Amino acid sequence: MKACQEGRRVRFFTAAELANILLEKNTKGTLNNYLGTLKKVELVVIDEIGFVPLHKDAAELLFQVISDCYERKSLIITSNLEFSQWNTVFGDNRLTAALVDRLIHHSHIVIFSGESYRLTQSLNRQRAYT
């Protein structure tokens, strides 16, 4: 939010949404143009990696975006999965290892534990109505 408030160029995607965009652009032959527009962005946020397993081609294209960001721009990734489970999302051990390697090299990893915020809020609302 702070980056947006400061007028930074930010793009937010769910992993599935970005994967679908990349597949569509690749099919239409406009992938390089789209990747060029992403290179102009200062921060890329990819939410929900691991929520939906990715098609092999989508996983490779998403790897390309993350690789393009590596050491060039800020990247925020969210996931409910530990890195050791990411091969179930990307379907290829080598690709997953290379992707995780790039992500953790210069990263700040924030791990949240405890109850789900959404669950807690929902339970509190239910208690308020009873």
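Values quoted throughout were computed directly from the atomic coordinates according to the rules given, and no laboratory measurement underlies them. Just so we're clear, the structure is a prediction, and the values are computed from it rather than from any experiment. Please note: Cβ atoms are built from the backbone with ideal geometry, for glycine as well, and neighbour counts cover all protein chains shown.
Which loop trypsin sites (Lys or Arg not before Pro) in the range 1-88, with loop taken from DSSP, have no more than 15 other Cβ atoms within 10 angstrom of their Cβ? Walk me through the numbers on the way to the answer.
On the way: sites: Lys2, Arg8, Arg9, Arg11, Lys25, Lys28, Lys39, Lys40, Lys56, Arg72, Lys73; in loops: Arg8, Arg9, Lys40, Arg72, Lys73.
In loop regions of the range 1-88 (DSSP not H, G, I, E or B), the sparsely surrounded trypsin sites (Lys or Arg not before Pro) are Arg8, Arg9, Lys40, Arg72, Lys73.
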With label points set 7 Å from each Cα along the Cα-to-Cβ direction at Leu81 and Glu24, the distance between them in nm comes to 2.4
Report the gain in length on full extension from Arg94 to Glu42: 0.36 nm times residue separation, minus Cα-Cα distance, nm rounded to one decimal.
15.9 nm
Antiparallel DSSP beta bridges within the chain, as percent of all bridges there, nearest 5
0
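Which FRET efficiency value, to the nearest 0.05, is calculated for Glu71 and Ser122 with the Förster distance at 35 angstrom and r the Cβ-Cβ distance?
Values: r = 40 Å, r/R0 = 1.16.
Using R0 = 35 Å, I get an efficiency of 0.30.
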For the residues Ile111, Ile49, Ile77, what sequence is obtained by ranking on other C-beta atoms within 10 Å, fewest first?
Ile111, Ile77, Ile49
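List the GluC sites (Glu not before Pro) within the range 42-125 that fall in a DSSP loop (any state other than H, G, I, E or B) and whose Cβ has at most 16 other Cβ atoms within 10 Å.
On the way: sites: Glu42, Glu48, Glu60, Glu71, Glu82, Glu115; in loops: Glu42, Glu71, Glu82, Glu115.
Within the range 42-125, the qualifying GluC sites (Glu not before Pro) (loop, at most 16 other Cβ atoms within 10 Å) are Glu42, Glu71, Glu82, Glu115.
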Sticking with the crude label model, points 7 Å out along Cα→Cβ, report the distance from Ala3 to Phe51 in nm, one decimal please.
1.8
Looking at the range 24-65, which chymotrypsin sites (Phe, Trp or Tyr not before Pro) are in a loop (DSSP not H, G, I, E or B) and have at most 16 other Cβ atoms within 10 Å?
Phe51
In debye to the nearest 20, how big a dipole does the chain give about its Cα centre with +1 on each Lys and Arg Cβ and -1 on each Asp and Glu Cβ?
440
With 10 Å bins from zero, work out the P(r) of the chain over every alpha carbon pair and list the percent per bin.
11, 38, 31, 14, 5, 1
